[in-house]
Amino acid sequence: MLRALRQYLKLTPADLATASPDNWQLSVFRIMVLSGLLLVLVICLHSSWQAWQIGAYHIIAITSGFYLALLLLLRRSRASLSFSAAGFLLLVICAGLAILLFNPDFEMAKLGIVFLYALPTIALMFFPLKVMVGLMLLNFIPFAFLLYNQPLPRLFDFSITLPQTHAYLHGLIFLFFNLCLPLASARIIRTIQRHSTGLQQANKQLSQSHDFYAELFENNGEATLLCAGNGRIIKANTKACQWLGINADSHCYLSQVLVPEQDCSDNAFWLAQDLPCIARNQPGRHLQLKHMVRTRQHHHVLQLQDVTAMVELKQQLDQQHQHQHVWQLYDRLTCLPKADFFRQQADERLHDQPGWPLRFCVIIRLCHIKTLNQQYGYEFGSQVLQQFASQLRQSLRPDALLGRLRGVKFALLLPIQPEPLSPAQQAELIHQQLPDTLVIGAQQIQLRYQLGYCLSEGHADAATLLEQCEIALEQADNNLPMVQFAPEQAAELQQTYALANALQDAIRQRQLALHLQPKVNGEGQIKAFEALCRWQHQDKWIAPDLFVALAAQHGFMKALSQLVLDLAIDILAQWQERRWFYPIAINLAGPELLDDSFFAYLLAQSAHYPWLTKRLQLEITETHFATQQPALHTRLRALSQYGFSIAIDDFGTGHASLSQLVDMPADTLKIDRRFVAAIPHHRQQVKVLHTTLQLARALNLTTVAEGVENDIQRKFLAKLGFPLLQGYLFGRPAPAEHWHARLEQQQPLLPEVSRLSGVESDVAG
């Protein structure tokens, strides 16, 4: 009965969630009329009985007429709500006039005016605003009558007065204004509240989408376009507009601004990867078009790279009969030789020009590019490097060899003759040739440098000279910006640098591996794995903390993380073919995501593997959340909006505040092993575990407890409520093939696991 009544009054959850005016207006009308009919039923029956006793049959007729009219309007409401609402207004007017005209007691007759005052409120629920305003103006007539305070002349020869008329009229007014209208208004307010909540959620989603696209377009350092499926440009960032010669709101088509350099049978050439094109408005500008991702709205994100300088260099190399691929030889940003090509050219000069009695080699490091990136954006930092390379190249002598090693490090090789200048004076002379200031747009930037240099009179090759410069540069700081290589002080640094070079070669040759460690639930069932990065060098296993620190120190952390990403994708692809749905979370140090090329590569991989966002979890340590919060959070919010799962590693050891934790776009917390090791003896640590678990549940975060080494810890954590556990108790890290037999036995018993229960690939081990 109650369910049927809620359906009739349209108060079901589905009805309340619908913001359609037709739906809630019908609900309001039925609530107001049906509640009125039920509430005044006793008054109508009692007044009719009294009228029957005294023979006032006309009162019974009037009361029954009003009651039947309301029933008919209620029945008619489904077919024509406007007709029923207009009829209800008319009945209210008739009721007020009947009380006013057919009641000889003037004080009682005034109560009919009160009914007329409700007309604007009722009209507002069902009709346009002008109807309400018209009734408000019309109510000035009864208001003036009350101010006049004189009874109307008797126009009719009968009365509706009964012995209990006073109680009847006040009861009607009380029920109408205290119950019927408030119930109807409550239904409207409820609809407004739900609709407002929906608008807030939609606004939040729009804000997240805006942040995502803003990150892709304005902060990725590349010329980026958002295009519809037919090639119409929906949005373009500043650099893309500049290169294509269009306005941000022009909404032209790609075919109108780009010409593919090769024949494309498919009209949708913008879907291609690495397609060389020419800008129509600048025929001399060569652009590389790359399709990045397809959005949920079936739009396409494209990026452009200006490869004009590279094309010109390739033409020069072709003329010199050098057949190496130009993309592998020169840096795209500065058009300087890359590290390998620089060493090759340096070795050729060192061996082919014996007239060089002395070789002066310098590595120059720009000191504050990271600060500029965070302050002005990565596009600004890229422009600084471009201008620096251009001005330095112009200031050097023609026989100087300049190259870009990586990041903010540049190498310089000079032939010098024996002369009175000492190596320190020679380094100072080079330092004076470096540009002091650069003007980027409206900003004037002061540059600071650190130099590591060496002088060789023997037959050392380029790799040795660069290695010595790197060792010297490691000792440079703000107080001592220029340092010369000293063999007696560099033995340990040289060994470390040699190991760093070996690591760089190992990364380039993909000689690192991922070992998997199981991640289980409280009953010991495997739900996922943690993948640990391992490196074997000269038959020895190098500690992960050591080689990760080397990668971060020497500037190839991005290459290491990209290798880990590729290895994790390889495993996931194999498992996808076998229909094993175990996600993998790769551990990122944080700065990799701030690198535009790595960020773009990650998005490109997700476009190539549509299942990747469901299978791959990105894990960031809590410390990096605190130290890189503004820039890193923006990137993570964009990735979360795109569909990636985000995990916070080693939670409890960093410095993230509760407010930061709420703002972090994360869905998983990994509890550091030091809290698990205290089980069950250290009560304070156990309280921290329990509190953290409650906090994670309140924030709807999945929790993983690391470092489980005995069954007591397993049982305690399972009873406490941790959904996922990992540690040596369940298995030590081993290659992926080691676990395949176990997965073959278990997989048919498991449904597809959620991406939030992720597997970790921890490059830090």
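Considered as an equivalent ellipsoid built on the Cα gyration tensor, region 37-76 has semi-axes of 21, 11, 4 Å, the largest given first. With a Förster radius of 30 Å applied to the C-beta separation of residue 174 and residue 1, the computed FRET efficiency comes to 0.65. Put simply, the amide H of residue 278, placed in the peptide plane, has neighbours under 5 Å in 259, 261, 287, leaving out anything fewer than 5 places away on its chain.
For residue 358, the amide hydrogen comes within under 5 Å of the amide hydrogens of 416, counting only partners 5 or more places away or on other chains and with H modelled in the peptide plane. Only protein heavy atoms count here; under a 1.4 Å probe, residue 378 has an accessible surface of about 60 Å². Between 0 and 90 degrees, the angle of helix 339-352 with respect to the longest Cα principal axis of the chain falls at about 10 degrees. Between residue 72 and residue 137, the simple label model (points 7 Å from Cα in the Cβ direction) yields a spacing of 3.1 nm. Treating each Cα of region 113-162 as an identical point scatterer and summing with the Debye formula, the log10 of I(q)/I(0) at q = 0.15, 0.20, 0.23, 0.33 Å⁻¹ comes to -0.55, -0.77, -0.85, -1.17. In plain terms, the chain from residue 740 to residue 121 could stretch by 215.7 nm, reckoned as 0.36 nm per residue minus the Cα-Cα distance. Look at the dipole of the chain built from charges on Cβ: of 53, 487, 166, the Cα furthest out on the positive end belongs to 53.
Taking 37 °C and 0.692 mPa s as conditions, the chain diffuses translationally at an estimated 99 µm²/s according to Stokes-Einstein applied to its Kirkwood radius (Cα pairs). Computed 3J(HN,Hα) for region 61-70, one whole-Hz value per residue from the Karplus formula 6.51 cos²θ - 1.76 cosθ + 1.60 where θ = phi - 60°, is 5, 5, 4, 5, x, 5, 5, 5, 4, 5, glycine and proline marked x. When the Cα convex hull of region 374-460 is projected onto planes of every orientation, the mean area is 6.8 nm².
Output the pairs from 519/614; 204/370; 558/614; 614/687; 204/614 with a Cα-Cα distance over 27 Å in this structure; if there are none, say none.
The pairs that break the limit, which is 27 Å between Cα atoms, are 204/370; 614/687.
Calculate, in whole percent, how much of the Cα-Cα pair population of region 72-194 lies beyond 19 Å.
Counting pairs separated by more than 19 Å, the tail of P(r) holds 56 percent.
Loop-located trypsin sites (Lys or Arg not before Pro) across region 377-481 with a Cβ neighbour count of 16 or fewer within 10 Å are 448, with loop assigned by DSSP.
Every Cα-Cα pair in region 3-132 was counted, and those over 22 Å apart are 44% of them.
Can you tell me the length gained on complete extension of the stretch residue 204 to residue 684, counting 0.36 nm per residue apart and subtracting the Cα distance? Provide the component values of the computation, followed by the final result.
Values: separation 480, 0.36 × 480 = 172.80 nm, distance 3.86 nm.
My answer for the length gained is 168.9 nm.
Shown here for region 465-567: trypsin sites (Lys or Arg not before Pro) in loop regions (DSSP other than H, G, I, E, B) with at most 12 other Cβ atoms within 10 Å, namely 510.
Take the Cβ-Cβ distance between residue 186 and residue 41 as r, set R0 to 25 Å, and report the resulting FRET efficiency rounded to the nearest 0.05.
Efficiency computed from Cβ-Cβ geometry: 0.70.
Computed with a 1.4 Å probe over protein heavy atoms only, the accessible area of residue 505 comes to about 70 Å². Note that region 26-39 has calculated 3J(HN,Hα) couplings of 5, 4, 4, 4, 5, 4, 5, 6, 5, 5, x, 4, 6, 6 Hz, one per residue in order, obtained from phi through the Karplus relation 6.51 cos²θ - 1.76 cosθ + 1.60 (θ = phi - 60°); glycine and proline are x. Take every DSSP beta bridge whose two residues both sit in the chain; close to 70 percent of them are antiparallel. Amide hydrogen proximity for residue 517: with H placed 1.01 Å from N in the peptide plane, the residues at 5 or more positions away or on another chain lying under 5 Å are 530, 531, 532, 734. Among 239, 338, 204, the sequence by solvent-accessible area, most first, with a 1.4 Å probe is 204, 338, 239.
Dipole check for region 20-132: with +1 at the C-beta of Lys and Arg, -1 at the C-beta of Asp and Glu, and the Cα centre as origin, the magnitude is about 340 Debye. Evaluating 6.51 cos²θ - 1.76 cosθ + 1.60 at θ = phi - 60° for every residue in region 497-505, the Karplus couplings come out as 5, 5, 5, 5, 5, 5, 5, 4, 5 Hz, glycine and proline recorded as x.
Calculated translational diffusion coefficient of region 488-627 (25 °C, 0.890 mPa s; Stokes-Einstein with Kirkwood radius over alpha-carbon pairs) equals 148 µm²/s.
The values are calculated or read from the model by the stated rules, or taken from the named source; none is laboratory data. Predicted model only: the values in this text are computed from it and were never measured. Reconstructed Cβ throughout: ideal geometry from the backbone, glycine too, with neighbour counts over all protein chains shown. These accessible areas exclude ligands, DNA and RNA; they are computed on the full protein's heavy atoms, side chains included. Shrake-Rupley method; radii C 1.70, N 1.55, O 1.52, S 1.80 Å.
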